[in-house]
Amino acid sequence: MITKEAVAQQLWGYLNGRLSEAELVAWAEASFVQLSESDADMPDEALLLDILGYIGAGDTPDFPLTWAILSDFLAQLGVRVRVIAET
């Protein structure tokens, strides 16, 4: 099931270096197809499809996966982002 929490977890994984860009993009593409082909009426489906569609195209120059864009997606998903720098 594709939920706001599942998308947020994947974004956290990418931003924290646990997922490569290619892995995030592949996951988003597969999740977009799964959600768009589902007959179930999912909460926040339009929002999730917008975010997944953008991330799924993130390996192209027209859809950069920048900090600003990804942190905005997290905010739309209800996640408050806070940065902690470690040395």
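Just so you know, all these numbers are worked out from the coordinates, no wet-lab data involved. If you're wondering where the values come from, they're calculated on a predicted model, not measured in any experiment. Heads up, the Cβs are rebuilt from the backbone with ideal geometry, glycines too, and the neighbour counts pull from every protein chain shown.
At a glance:
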{"quantity": "Extension gain from Met1 to Ala75, taking 0.36 nm per residue of separation minus the Cα-Cα distance", "calculated": "24.6 nm"}
{"quantity": "Sorted by Cβ neighbour density within 10 Å, fewest at the top, the residues Ile2, Ile84, Ile69", "calculated": "Ile84, Ile69, Ile2"}
{"quantity": "Relative contact order (%) - the chain, alpha-carbon pairs under 8 angstrom, separation at least six", "calculated": "31 percent"}
{"quantity": "Helix-derived mean residue ellipticity, 222 nm - over the chain, DSSP H n ≥ 4, -39500 (n - 2.57), to 500", "calculated": "-18500 deg cm²/dmol"}
{"quantity": "Nearest 10 degrees, 0 to 90: helix 21-37 Cα axis against the chain principal axis", "calculated": "20 degrees"}
{"quantity": "Cβ-derived FRET efficiency at R0 22 Å, Asp39 paired with Trp67, nearest 0.05", "calculated": "0.05"}
